[in-house]
């Protein structure tokens, strides 16, 4: 998938991936790959800065945990993050409906 196609949607994708779960960064990347059928293979250099931006905005909170002796930062949605995700999903439905109306409807009927 072209990186340009993701422009403007990364935050929503990350919020949706965290919906109802607490994940560390690499698990978020794996979940995006899995849920997209492999189409989304985002580098850590894209995901981690976005997670930090979402945390600064108050949509995500993080905490350090120790798993098998290793420190991991895990992320989860805040109440504001859940509200933002709800708004993102509504905006996405509106956007896809509009685009489907143009791309999916076939040729215009001939004028009389």
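No lab work stands behind these numbers, since they all come straight from the coordinates. Just so you know, these numbers come straight off a predicted model, no measurement behind them. Here the Cβ positions follow ideal geometry from the backbone for every residue, glycine too, while neighbour counts run over all protein chains shown.
Which whole-number percentage describes the relative contact order of the chain, with Cα contacts under 8 Å and a sequence gap of 6 or more?
Numbers: 96 pairs, mean separation 29.5, N = 112.
Worked out over the chain, it gives 26 percent.
Rounded to the nearest whole Å³, what is the per residue volume of the convex hull around the Cα atoms of the stretch 15-112?
Enclosed volume per residue, from the Cα hull, is 133 Å³.
To test your reading of the geometry: what angle, between 0 and 90 degrees and rounded to tens, separates the Cα axis of helix 44-56 from the longest principal axis of the chain? Taking Cα atoms only, the helix is inclined about 80 degrees. Ordering of 11-18, 74-81, 39-46, 96-103 by packing is 11-18, 74-81, 39-46, 96-103, highest average first (other Cβ atoms within 10 Å, averaged per residue). What fraction of the Cα pairs in the stretch 8-61, stated in percent, has a spacing above 12 angstrom? Of all Cα-Cα pairs in the stretch 8-61, 62 percent lie more than 12 Å apart.
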